[in-house]
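Right, one structure below, let's go through it.
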Amino acid sequence: MKKDIDVSFVMTVYNKEYYLPSVINALINQTGLENPEYIFVDDVSTDRSVDIIREMTKGLKNVKIFANTENRGISVRINQGIMAAEGKYTRMLDSDDIFPLDSTQKMKQLAEELSADMVYGCFTKTGKEPQELEHEFMTDNFTYDFGKDALRTVLNGRFTRMGQLIRTEVLQKAKGADERVFIQDESIPLRAAMYAHGIVKIHDNVVLVPKELGNFSGNKVQLDNDRFMAYCYMILDNPHLPADIQKMLYSRALSAYWKFVKKTSFCPYLKPIFFKYLASKIYKPMPDIAYLKKMQKVFLDLPNVRRIKNPA
């Protein structure tokens, strides 16, 4: 790891030529950084995405562009970038996320002042064209919360959007996203928080989302699947976690499965999951591993859910 690199930006890319000029403009104009690194990981785009990245970063130092030849999916590609990061901190983004120009500087300052390994913030779906957002700044008097216990803080809140700043050694120790889960939003904060000391949640926008031309959020079953799988694998992979954390993870898994059943079943309120979901709201039970695996099989058998090709 190069100690002189303060922040590594890791962007996954797939057919986002419309957004990239504004996204990259906001990225390379981030204020207050001494020596940033820019890592772009393309998942075999068929448009001009890679050409635009090369054109806009020509002459910049610390640029890595991975133009892959096999489509593997978001989690695999974000991990490719994470493992290549050499900065003290890594900040991840999708190729349609626009960062307020001072957001990285302020996140890094809080990380240093509070000795926090993870810093998150809010995002807003603006409905605006990307060109309208590339010169935005954060508000001057934002508030924030600090949690010493990163994993319990994540499980008691919502930390599911890209744009987070995480100490690189923590992120790499956690091995980034769970590659068994297609969309990485849930798994990265969970896995990183297991190794992190301290987390900050900023109550201001650190990510601005422009008008969306199409993304995976339209596939609600995919989102239910990926949320469930992130919690399911955390439970199965880490049986020695403290009991209260196991209970919170199981409650989240039940909630994701219940949302799926409500969308896809006739008379969902008569099904066992409804009563298990209610019970998890009244008192958080320890994971029922047999029932967890039963729910997992239902998701794994779905025909129209995207999976990572050849996960690690």
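Taking loop as defined by DSSP and a crowding limit of 11 other beta carbons within 10 Å, which trypsin sites (Lys or Arg not before Pro) in the range 1-89 fit? Answer by residue number: Lys3, Lys58, Lys61. Can you send over the carbon and sulfur percentage of the accessible area for the chain, probe radius 1.4 Å, protein chains only? Roughly 52 percent, rounded to a whole number. Shown here is the pair-distance distribution of the chain: with all Cα-Cα distances grouped in 20 Å bins from zero up to the longest one, the shares run 33, 58, 10, 0 percent. 3J(HN,Hα) along the range 181-193: 10, 5, 9, 8, 4, 7, 6, 4, x, 5, 5, 5, 5 Hz, from the Karplus curve 6.51 cos²θ - 1.76 cosθ + 1.60 with θ = phi - 60°, whole Hz, x for Gly and Pro. The alpha carbons of the range 61-201 occupy a box of 45, 38, 30 Å along the principal axes, longest dimension given first. Full extension of the segment from Asn156 to Lys175, taken as 0.36 nm per residue of separation minus the current Cα-Cα distance, would add 4.6 nm. Backbone phi angles across the range 76-93, fed through the Karplus curve with coefficients 6.51, -1.76 and 1.60 (θ = phi - 60°), yield HN-Hα couplings of 5, 6, 5, 5, 4, x, 4, 6, 8, 5, 10, x, 5, 10, 10, 10, 9, 8 Hz in residue order; Gly and Pro are listed as x. Per-peptide packing, taken as the mean over residues of other Cβ atoms within 10 Å, places 193-200, 182-189, 248-255 in the sequence 182-189, 248-255, 193-200 from highest down. Taking a straight Cα-Cα cut-off under 16 Å and skipping sequence neighbours fewer than 8 places away in the same chain, the lysines within cross-link reach of Lys64 are Lys2. Taking 23 Å as the cut-off for C-alpha to C-alpha distance, list the pairs among Lys58/Lys201; Lys175/Lys276; Lys201/Lys281; Lys125/Lys262; Lys125/Lys276; Lys271/Lys293 that go past it. Those over the limit are Lys58/Lys201; Lys175/Lys276; Lys201/Lys281; Lys125/Lys262; Lys125/Lys276. Whole-Hz Karplus values for the range 105-114 come out as 4, 6, 5, 5, 4, 5, 4, 6, 5, 9 Hz, taken residue by residue from phi with 6.51 cos²θ - 1.76 cosθ + 1.60 and θ = phi - 60°; glycine and proline positions read x. Heavy-atom accessible surface of the range 163-312, averaged per residue, reaches 47 Å², computed with a 1.4 Å probe.
The values are calculated or read from the model by the stated rules, or taken from the named source; none is laboratory data. Bear in mind the structure is a predicted one, so any value in this text is a computation, not a measurement. Glycine also receives a Cβ, built like all others from the backbone with ideal geometry; neighbour counts cover every protein chain displayed. Heads up: the accessible areas ignore ligands, DNA and RNA and are worked out on the full protein's heavy atoms, side chains in. Shrake-Rupley method; radii C 1.70, N 1.55, O 1.52, S 1.80 Å.
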